[in-house]
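What follows is a single structure, written as C-alpha cells, with notes after it.
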Amino acid sequence: MAGAAAEERRLATVVAGWQGRPVLVVGDAMLDEWRFAESERLCREAPAPVLTLRRRISAAGGAANTAVNVAALGGRAALVSPVGADVAGDELHDCLDRAAVWDRTVNHPGRPTPVKRRMLAGNQILLREDSGGPEDALDSDGVARLLTALHCATEELRAVAAGQPLTLVVCDYGLGALPSTVRAWLVANRDRYGTVALDAHDLADWRGLNPTVVTPSFAEATRLLARAAAGFAYAERGAVRGGGDLHLDHPAEADGPSELVVGAAPGGAGERTTGGPHPTSGAPATTAAAGGPAGPTGEPVPGEERVALTGDGLSVTGTGVTVNAAAGEGVDRAVLAESRLPELRAHTGADVVAVTLDTEGAVVGGAEGSPRRSHSTPVPASHAVGAGDAYLAAMTLALAADAGLPTAAQLAQLAATITVADTGTCVCRREDLLAALGTGGEEAGHPALVGAEELTALVADHRRAGRSVVFTNGCFDVLHPGHVRYLTQARALGDLLIVAVNSDGSVRRLKGPDRPVNPVEDRIALLAALACVDHVVVFEEDSPARLIEAVRPDVYVKGGDYPPEMVPEAPLVRRLGGQVRTLGYVPDRSTSAIIDRIRAQSVSTERSEGREAMPNRHSMSERTERSEGREAMPNRHRMSERTERSEGRPA
C-alpha cells in the first residue's frame, strides 16, 4: 500500500509539473450538440418514436475539445481553427470562453461551423446529423488569415511561456481546416515547438512533420500501413512518385482519407490464442489482389475498427485502397497493433505511437523499452464521445513536462477513463485527475477553474459535506487591493467562495470596446491564485442570474456603498432562500482609476520627451479582434458607474 501511495504522489507531481504549460492546438474545431428527448408513443405515419425535447447541451468538439481538455487539465491552451460566422460558431466561442481557452479562431463567413448533432432518448443515441465538412473548402483569403493566426498565436504563447518550449497539437479530422498550405507551414516551422502531438484520420498527409507522439485509432493505423504497403508495391512497377519510399503520396485526384482492404494478418499475428506466447508478424506483402467494396471516405467506421491489416489482400483503386469490413474475425487488435508499432513509428517519424483501441484501451510504444498496454472499462458509446481528446491532451502535457513514456501512457489512459461516467462530450479536469490519484484539490496548487455545467455538481458535493456557499461576480479586469480585500471579506461569510467572471464579450458590452484590458484567461488565473477563492467560473451573459439559479448561494455578495435592496439580483437570491450582503470598497482603488493613471502617465512621458501622444486610431478591442481574424464588436454600451459599483469599487 505504501508503494501505491508513493506512485500516486509521483504521478500527481507530474500533473503539477505541467501547470501553465503553453499549448497551441490547431485543426478541425466543431460544435457537439446533444439533444435529450423522451418518447412515450409511436407516430401514426410510421413505426417511429415521437420525441419530446427536454434538454439541449452544446460543447466544444474535435480540436476545440482537445483545447478545452488541455485547459481543464491545467495547461495554457490556445486554439487556431477556422470557424463559421454563424450561430454554431457563436456557441463554440462561448464554450471556449467558459473553458478559459485562448480563442484565436478565424471567422470565415462563407464556411459553416462543423456540427455533430446527436438525438438521444433514454441516454441511447438514436441518430446523428453532421453538417460542415471538407466540401466547404477555405478560400485563399481564409488560408492566409489562418496562417497569420498561427504565427501570431505562436508568438503570443512564446511571450508568456517564461522560457518553456511551446507544445503543438495537430487535430486533423478531414473537415478541411488544414489544407496543404497550412500543413506545409506546420512542417516547415516544426522547430518552433518542443513537443508535437498529431491526431489525424489520415496520417499519410503529415509526412515530414516528425511528431513527438501520434495517437491513431486502430483503423487509422491500419490505413497508414495499407497505404505504405500499396505504395511499396506500386514502386516496384514504377507507378508511384518517390521510388521505394514506404510512404504513399496522394494521387492528385484523391487528396483525402484513403480506403483499405483488411483481413487476417500475415504470419498469424493478431490471431487470438488460448495459451503460450503471442505470435509475431511478418512484413506486409506487396501483391495486389482483386478490388473490394467501397470503404469509408471520411472518419473511420465501426466496421473498420473491428478488423486487421492483411498483407495479401491489398487492392488499389482510382480513389485509394478499399476496405472489406467483413474480414478480420478472431483477430486480437492489441496483439496486432503491438507487432506493428515499429512500422508505424517508421512511417510517421514519431518518437511515440499510441494506438487507441476504444473499449480495449491502448497500446503505446517508443524507441526504447517494451510496448505498454493499458486497459479501459467498456461503457456505452454515448459516454465515450471525446474521450480520445482527453487522452491526447493528457499524453501531450505529460510528454511536454518530460515525463517518461510509461508515466505519460498511464496518465493519458486514466484521464480518458475517468471522463466516461455520463453521456456527453468528455472533459477531464485537473481536480478529477488528482482525485483519481488519491490527492485532494489542495495539491492542484490553485482553486478549481470550472465550467458552468460542472458547477452544479461541485456545489452539490460541497453541500453534502455541510459547507455553506458564498457567490459573487464581476469583471475583475485589473486586479487591485480593493478586489483582494473585498474577496477576502466575502470568503469569511461562508465555507467556500465561488467567483463568476464576465467573459471578454460580456465586458465589452458592459464597459465599451477598449475593455477588458486583460483577457479572461489572465483574469481568472489571477483570481484562482488567491487563497480566499475556491472556484472560478466564466459566464457570457451580462447578468449572472443563470449561474445564481444553478448555485443557489447561501450568501450573495456585491461591492459598493448602496444597501442590499438596490442589488439587481437581490429578489432572485432571496426567492432561492439566500441572503444578500454588500461590502465596502477601498477608496482610490478602482480599475478605472488605475487605467486613467496609466494613460495620464503615458501622455505625460511622451510630452516630456517632446513627442505628441499618438492618436488612438483603433480601440484595443478592435485590434484584438482583427488579430484573431474577426470583425470588431460595436460599442453598444459605455462604461457606467453602476457597473463599476457592481465590482465593489467606485466608478
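The values are calculated or read from the model by the stated rules, or taken from the named source; none is laboratory data. Quantities reported herein were computed from a predicted structural model and do not represent experimental measurements. Here the Cβ is made from the backbone with ideal geometry for all residues, glycine too, and neighbour counts use every protein chain on show. Only protein heavy atoms, including side chains, enter the accessible area calculation; ligands, DNA and RNA are left aside. Shrake-Rupley method; radii C 1.70, N 1.55, O 1.52, S 1.80 Å.
Points to keep in mind about this one:
- With DNA, RNA and ligands ignored, accessible area of Thr13 (1.4 Å probe; Å², nearest 10): 90 Å²
- The string of couplings for region 369-379 from the Karplus curve (6.51, -1.76, 1.60, θ = phi - 60°) is x, 7, x, 10, 10, 10, 10, 9, 8, x, 9 Hz, one whole number per residue in order, with x for Gly and Pro.
- Global geometry of region 433-536, whether rounded, prolate or oblate, following the gyration tensor of its Cα atoms and the 1.5 cut on a/c: prolate
- Accessible area ranking (1.4 Å probe, heavy atoms, ligands and nucleic acids excluded), largest first, for Asp202, Asp522: Asp522, Asp202.
- Tensor-based shape of region 518-559 (alpha-carbon gyration tensor, a/c under 1.5 rounded, otherwise prolate or oblate): oblate
- When the surface is traced with a 1.4 Å probe over the full set of protein chains, Val385 keeps roughly 30 Å² accessible.
- Close amide H partners of Val83, meaning residues 5 or more places away or on another chain with modelled amide H under 5 Å apart, are Val106, Asn107, His108.
- Region 439-575, relative contact order [Cα under 8 Å, separation at least 6], %: 33 percent
- Net charge of Cβ neighbours under 10 Å - reference Val214; Lys, Arg +1; Asp, Glu -1: -2
- Cut-off 10 Å between beta-carbons: net charge of the residues surrounding Gly61, Lys and Arg +1, Asp and Glu -1: -3
- Under the criterion of Cα pairs below 8 Å and six or more residues apart, the relative contact order for region 456-520 equals 35 percent.
- Other-chain or far-sequence residues with amide H under 5 Å of Ser468's (modelled H): Asp495, Leu496
- Couplings 3J(HN,Hα) for region 213-219, derived from phi with the Karplus relation 6.51 cos²θ - 1.76 cosθ + 1.60 (θ = phi - 60°), are 9, 10, 10, x, 6, 4, 5 Hz, where x marks Gly and Pro.
- For region 76-93, Karplus couplings with θ = phi - 60° (6.51, -1.76, 1.60), whole Hz, Gly/Pro x: 9, 9, 10, 10, 10, 6, x, 10, x, 8, 9, 4, 4, x, 4, 5, 5, 4
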